[in-house]
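> This is the structure, below, for whatever I ask next.
Just so you know, all these numbers are worked out from the coordinates, no wet-lab data involved. Bear in mind that the values here come from a model prediction, so they are computed numbers and not experimental data. Don't worry about glycine lacking a Cβ; one is built from the backbone with ideal geometry, like all the others, and counts go over all protein chains shown.
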Amino acid sequence: MRVLGIETSCDETGVAIYDSEKGLLGDALYSQVKMHAEYGGVVPELASRDHVRKLLPLIDEVFAEAKLTKGDIDAVAYTSGPGLIGALMVGASTGRAMAMAWGLPAIGVHHMEGHLLAPMLEENPPEFPFVALLVSGGHTQLVRVDGIGEYELLGESLDDAAGEAFDKAAKMMGLDYPGGPLIAKHAQQGDRSRFTFPRPMIDRPGMDFSFSGLKTFTLNTANQHRDEDGNLDHQTICDIAAAFEEAVVDTLAIKCRRALQHTGFKQLIIAGGVSANQRLRERLEVMVNKERAQLFYARPEFCTDNGAMIAFAGCQRLVAGQQSDLTIVTKPRWPLDTLEPL
Ligand code: KG4
Ligand code: ZN
């Protein structure tokens, strides 16, 4: 089955074609980050309008790249939620309407299920069951995964998501949006021992996270080192970035280890924008080796939002006979553990 996938839940327009036999046939992404950077974060109304402008040309581009025409597609998958309601409506209405016009089945996909399955687009994919750490701009969750749609939430952030914490910490240091990649870049030149940040919640049992204290610690540290104009020198930014990244990565690694021990599973997958973080990958690699387990992740461009993960996740459900009806459903909030198993 050949599926056209559409992702428009936030500030990235993503389109891809996935074939259940041949794999990924084409994918394209248009990122709005430059437009939102001016405002220091995503402006929902601007995001929706830009998806309207970019989606159809991007779909055309993917068909051309894959050397396919509309008649070669068997179904359409689009992100139904969670995400920004206006942004979701662009992809969902376009996807659903195209499927109706072409007489094809369509399916609304859960954005985080897309992220969770993205490592399966790579060579040597993980096999069920496994533990998944979902770390994006809106979610930080540890999930026991027994199969597609068989998700048990083991822990989650009680306040900010990991990506959100990266973005807010970056802003405090005068870095642009999105802050995650910029913190990672500055951290590489940082002295990881100059500042020691707390590791939130590690002395408490369980697998929940909290990042708001770390945010306050970042702000206080930054404020103690600002010059008369309120600016930080480059080295201090790098050193705070390094200490912040180290604290987040450490906390995530400790909870992932607990999840592996709790489930007895030997595979850990990481997904979502923050899973592109090199330091996180390195630290988790060391941890899983000690646990005699294996780590899986997607290539960096499939860690952040993309159309390929939606085409892939939709394809798995469509092949199993699931599909959505003609009502266009968008859900800004949609708990992952309420999904239907295959
Ligand atoms: O999954 P994603 O693209 O969108 C959501 O579904 O939220 O994740 C975006 C988040 C942003 O907060 C961004 O700062 C963070 O992922 N991010 C990173 C890195 N790349 C993206 N955080 C840390 N290190 C990175 N290399
Ligand atoms: Zn995402």
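> G155's amide H: which non-local residues (gap 5+, or another chain) put their own amide H closer than 5 Å, with H modeled 1.01 Å from N in plane and none for Pro or chain starts?
So G155 has HN proximity to L142.
> Test of understanding: extend the Cα→C-beta vector of R199 to 7 Å, then name every residue of the range 252-284 with backbone N under 12 Å from that spot.
252-258
> Also, quick follow-up: Under the Karplus relation 6.51 cos²θ - 1.76 cosθ + 1.60, θ = phi - 60°, what is the ordered set of whole-Hz ³J(HN,Hα) values for the range 269-276, x standing for Gly and Pro?
Computed from phi, the couplings for the range 269-276 are 10, 10, 8, x, x, 5, 5, 6 Hz.
> May I pose another question? Is any helix in the chain, taking whole DSSP H runs, at least 20 angstrom long along its axis by alpha carbon and on average at least -1.0 on the Kyte-Doolittle scale, and which ones?
Taking the DSSP H segments of the chain (at least 20 Å long, mean hydropathy at least -1.0), we get 44-65, 85-102, 234-263.
> Which shape class, rounded, prolate or oblate, goes with the range 218-328 when its Cα gyration tensor gives a ≥ b ≥ c as root eigenvalues, a/c under 1.5 marks rounded, and past that a/b bigger than b/c marks prolate?
It is oblate, given that a/c is not under 1.5 and a/b is not larger than b/c.
> Identify, among L232, F265, P300, the residue whose Cα sits farthest towards the positive end of the charge dipole of the range 228-312, taking +1 on the Cβ of Lys and Arg and -1 on the Cβ of Asp and Glu, with the dipole about the Cα centre.
The listed residue farthest towards the positive side: F265.
> Next question. Given a Förster distance of 35 Å, report the FRET efficiency between Q294 and D325 from their Cβ-Cβ distance, rounded to the nearest 0.05.
0.35
> If each residue of separation counts as 0.36 nm, what is the full-extension length gain between M1 and E122 once their alpha-carbon separation is subtracted?
Separation in residues times 0.36 nm, less the Cα-Cα distance, equals 41.7 nm.
> Here's another thing I want to ask about it. Hey, got the dipole for the range 187-228? About the Cα centre, +1 on K and R Cβ, -1 on D and E Cβ, debye to the nearest 20?
120
> Continuing with this model, one more query. Once amide H atoms are built 1.01 Å from N in the peptide plane, which residues 5 or more positions from L25, or in another chain, come under 5 Å H to H?
Amide H neighbours of L25: I17, Y18, D19.
> Moving to a separate point now. Putting +1 on Lys and Arg Cβ atoms and -1 on Asp and Glu Cβ atoms, find which of A247, G149, V286 reaches farthest to the positive end of the dipole of the chain.
Comparing the listed Cα positions along the dipole, V286 ranks first.
> Normalised radius of gyration for the range 18-137, please: alpha carbon Rg relative to 2.2 N^0.38 Å, two decimal places.
1.16
> Note the full-extension length gain between S20 and D176 as 0.36 nm times their separation in residues minus their Cα-Cα distance, in nm to one decimal.
Full extension from S20 to D176 adds 52.3 nm.
> Continuing with the same structure: Starting with the highest mean, order 138-147, 200-209 by the number of other Cβ atoms within 10 Å, averaged over the residues of each peptide.
Order by mean packing, descending: 138-147, 200-209.
> Quick one: work out the % antiparallel among DSSP beta bridges in the chain, nearest 5.
Percent antiparallel among DSSP bridges in the chain is about 60.
> For a quick check of your reading of the filter: which GluC sites (Glu not before Pro) in the range 79-153 sit in a DSSP loop and have no more than 10 other Cβ atoms within 10 Å?
Listed in order of number, the matching sites are E123, E127.
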